[in-house]
Amino acid sequence: MADARQLLEDYVSTGKVMQVATLNDEGAPVVCNVWFASTLDPDRLYFISRPTRFHSANLRRDPRVAGSVLAIDLTELGQDVRGATFTGSAVELPTTGVDDAIEVFAGRWPRAARAIDAQRMANGENHHRIYRIDVDSWILFDEENFPDEPRQPVAAYTD
């Protein structure tokens, strides 16, 4: 039988875009799509965004988030789905002392290096900030490896 944790790690580490749901000022969910990078132990997801975006303001007010990562290219209706969903809490990281987060994100997406350059960020010369999601729960959804029960809870690795 397939190892659900290993599949989750494979899917998250190779995923490109994640959907993140934040809560607006009235408590309603709002979904956005962001490029992301990850670390897995502890389980953290990083994305960059402008601090003026709705999702950025939402998570500064209420850190609770949920989201998903799809691990397949969609080609046709009815194909086996593989991916993961998560819940956790998000934080906008400061403009200094975030070299490790910059390394994670720019290591995955080198073209983002200028947008989150440490010196430019510290000097307030860029338009983006780095956000971190600390994952507290995962659900692996894998119709290929678990056809009888594709929904597989997987423990999150936390600090």
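Some observations on this one:
- For the range 119-129, the count of residues that are part of a helix (DSSP H, G or I) and free of Cβ contacts under 8 Å to residues at least 24 places away in the same chain is at least one.
- The residues of the range 75-108 that are hydrophobic (A, V, I, L, M, F, W, C), surrounded by 16 or more Cβ atoms within 10 Å (Cβ to Cβ), within 19 Å of K16 (Cα to Cα) and touching a residue at least 12 places away in the same chain (Cβ under 8 Å), listed by number, are A84, F86, A90, A101, I102, V104, F105.
- The residues of the range 37-74 that are open to solvent by less than 30 Å² (accessible area, probe 1.4 Å), outside any helix (DSSP H, G or I) and without any contact (Cβ under 8 Å) to a residue 40 or more places away in the chain amount to a single one, I72.
- Pairs are defined by a Cβ separation below 8 Å, a sequence spacing of at least 6 or placement on different chains, a first member in the range 14-33 that is among the acidic types (D, E), and a second member that is surrounded by fewer than 12 Cβ atoms within 10 Å (Cβ to Cβ) and modelled with pLDDT of 95 or more; the pairs so defined are D25/R61.
- Top-ranked residue of the range 90-115 - restricted to ones that are in a helix (DSSP H, G or I) and under 14 Å from the mean Cα position of the chain (by Cα), ranked as farthest from Y131 (Cα to Cα): R108
- The set of residues in the range 129-159 that are touching a Lys or Arg at 6+ places or on another chain (Cβ under 8 Å) and polar (S, T, N, Q) contains only N145.
The values are calculated or read from the model by the stated rules, or taken from the named source; none is laboratory data. The model shown is predicted, which means the values in this text are computed figures rather than measured ones. All Cβ positions, glycine included, derive from the backbone under ideal geometry; neighbour counts span all protein chains shown. Side chains are part of the model used for accessible areas, which takes the heavy atoms of the whole protein and leaves out ligands, DNA and RNA. Shrake-Rupley method; radii C 1.70, N 1.55, O 1.52, S 1.80 Å.
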